[in-house]
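Okay, so here's the structure we're looking at.
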């Protein structure tokens, strides 16, 4: 059962990137990735997987970390699988956030989403640096326009 849930969630998460990368503004992508029920489904499967198959892991060792406690947790046979699912969900959520913000601003998002699917937080950071640069450019243009209008 654990492997079934692991595979199901992995496939759902990996397949979710295809429309986000290739057709990010489509109705299909918006209805799937931007709908609350989809995230409830993903979170629910993840929770069930953790609850039923991760109860023997000493999670407290991660809340109050110590080197020996972290080593103990990471020796559990299922932890790499939980970590993989956690990473996939987080990366997809980062990609969804980038898409939501980038659509509003009219950005070309493929490079940021591609980096995010592979490197997660690095893609989000790259997008945020790009967005900040664009924001400063807009502010400079606005200031020049206001200065030109005031003459």
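No lab work stands behind these numbers, since they all come straight from the coordinates. The model shown is predicted, which means the values in this text are computed figures rather than measured ones. Ideal geometry is used to build each Cβ from the backbone, glycine not excepted, and the neighbour counts take in all protein chains shown.
Tabulated results
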read-out: Under the Debye formula (equal points on every Cα, no solvent term), log10 I(q)/I(0) of the stretch 85-130 at q = 0.18, 0.32 Å⁻¹; value: -0.42, -1.19
read-out: Degrees between helix 36-53 axis and first principal axis of the chain (Cα, 0 to 90, nearest 10); value: 30 degrees
read-out: Extended-chain gain in nm, criterion 0.36 nm per residue less alpha-carbon gap, residue 47 and residue 61; value: 3.2 nm
read-out: Angle between the chain longest axis and helix 79-105 axis [Cα atoms, degrees, rounded to 10]; value: 20 degrees
read-out: The stretch 2-150 - percent relative contact order, Cα under 8 Å, separation 6 or more; value: 23 percent
read-out: Exposure proxy ranking, count of Cβ atoms within 10 Å, fewest first, for 26, 150; value: 150, 26
read-out: Residue 75-residue 8 FRET efficiency (beta carbon distance; Förster radius 22 Å; 0.05 resolution); value: 0.30
read-out: Estimated translational D of the stretch 39-122 in µm²/s (Stokes, Kirkwood radius over Cα pairs; 4 °C; 1.567 mPa s); value: 88 µm²/s
read-out: Hull volume in cubic angstrom per residue (convex hull over the Cα atoms of the stretch 2-150); value: 146 Å³
read-out: Order of 68, 61 under a 10 Å beta carbon neighbour criterion, fewest first; value: 68, 61
read-out: Fewest-first ranking of 6, 74, 108, using other Cβ atoms within 10 Å as the exposure measure; value: 108, 74, 6
read-out: Folded to 0 to 90 degrees: helix 110-119 orientation relative to the chain principal axis, Cα; value: 30 degrees
read-out: Length added when fully stretched, residue 122-residue 87, from 0.36 nm per residue minus Cα-Cα; value: 11.3 nm
read-out: Computed helical MRE - 222 nm, the chain, DSSP H runs ≥ 4 contributing -39500 (n - 2.57), nearest 500; value: -27500 deg cm²/dmol
